[in-house]
Structure formats: structure tokens, C-alpha cells
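Take a look at the structure below.
The values are calculated or read from the model by the stated rules, or taken from the named source; none is laboratory data. None of the values given here were measured: they were computed from a predicted structure. Note that each Cβ is placed from the backbone with ideal geometry, even for glycine, and that neighbours are counted across all protein chains shown. The accessibility values were calculated without ligands, DNA or RNA, using every heavy atom of the protein model including side chains. Shrake-Rupley method; radii C 1.70, N 1.55, O 1.52, S 1.80 Å.
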Amino acid sequence: MLGARAAIVWARTGLAIRVAIASGALLVLIGVLLIASLIHEDIAQVRRVLASDLQHELTLLTTTLVEPAVVGDYTRIRQTLTVRAKHTAVRRIAWTDNSMHVIEALGDERTPIAPAWFTRLANVPDVDGEQAILVGGEPYGKVSIRLTAAASIHAIWAAAVKRMVLVAGGIGICLSLTSWILFRGLLPFSLLALAAGRFGRGEHGGGREGSRISDC
């Protein structure tokens, strides 16, 4: 029933309005697909960068901590971990000595920008890695690190919102121009249809011309 009513309303809608609605729907679909494609590529890039950053951080830390790990300078180790934890992607970073003594530093908690559903949809889990500190084949503890893509996901969401605003503005401008062109272009046809309707109702004219037609 609802579909039949919608079909009737659509059939009674003017051609210009129908073309404008169809054009608007097409533009919205194209805009949504474009934004979705860009978001998908951004998320794929985040995954690649996260894996690269993990290896980079592990290599940097094992190189930096060799000397303090060998001499047992725990204060320097703690300071180094605290500095590296300032990296936006670091959630947790730790060093464990051969006696299983752990020194760790946590990354800063940031206020989320992206809604929870978007974070779940992005589905970029934290990545973990660890690497032993070896000197002459002898182990002097190990470094472990956990990186998170939370900051990157928030940046993707902020960029997506800006894109949606720009696309919505572009669609609005295109629809306005399309509607104006359509209504201007179809105006003669609308007047012709109106005149044909009046002719069909017997309204053949007015004034003297109408009287002459009546006398005949």
C-alpha cells in the first residue's frame, strides 16, 4: 500500500522535480562511495605505518638501551622509556631484565574524537612486539612495546567529517544549479502542457477572440 502511494505521488510529481531528486540521489551515492573509499585507504595506510613504527621503535630502543642495560643503570633506562612513551602511538613500553624486574612507561591517554562505532568499524587492533638486548651473544633483558592506532583513527574521523561537509556543500550547490537550469529549460514545456489542458477543457481564449469562436 505504501509503495503504491509512493508510486502515485512520484507519477504526479513534475518532471523537473523528479530529475532534481534523481540527480541528488546519484550525487549523494557518489559522495558516500568516494568518502568510504578514502576512509578505507586511510585505514590501510594506518595499518602499514603502525607495523613500520613498531619495528622502528624496537630497533631504536634496543640500540639506545644497550649501555644502560649492561651497566644496570635503571634510572637512565626509566628516563629513556618515559621519553619514548611520549610518542603518540605508544600505549605501553617496558624493559625486563634477566631477573624479570620490569620498568615500564605508559603513553598519554587522549580524549577520543571518533565515535566508538567508527573505531570498531575501522578495526585496527593494537600491535605488540619485543626484542632482546644482546651484547656478545649474552642477553641483558628485553624490550617490549605496544602501539595503538587510536590517535590515527581519530585523525581519520576528523578528516572524514571535513570531507562530508565539503561533499554536502558541493551537492547542495550542484542541486541548486541543476534545479535552476531544469526549471528554466522546462518552463516552455510546462506552459505548453498548461495551455493544452485549458484547450481540452474548452477554454479556447478570451476577450474578442473568444466571442468570435463562440459565434462560429
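Among the helices (runs of 4 or more DSSP H) confined wholly to segment 1-119, which include 1 or more residues that are modelled with pLDDT of 90 or more and either open to solvent by 20 Å² or more (accessible area, probe 1.4 Å) or of a type in the set (Phe, Trp, Tyr) (or both)? Talk me through it step by step, then tell me what you get.
Numbers: elements: 2-12, 15-64, 66-71, 74-84.
Output list reads 15-64, 66-71, 74-84.
When residues of segment 91-125 are filtered for being of a type in the set (S, T, N, Q) and within 27 Å of Ser37 (Cβ to Cβ), how many remain?
Initially, segment 91-125 is screened for residues of a type in the set (S, T, N, Q), giving 96, 98-99, 111, 119, 123.
Pick out the ones that are also within 27 Å of Ser37 (Cβ to Cβ) and you get 119, 123.
Summing the residues that are of a type in the set (S, T, N, Q) and within 27 Å of Ser37 (Cβ to Cβ) in segment 91-125 gives 2.
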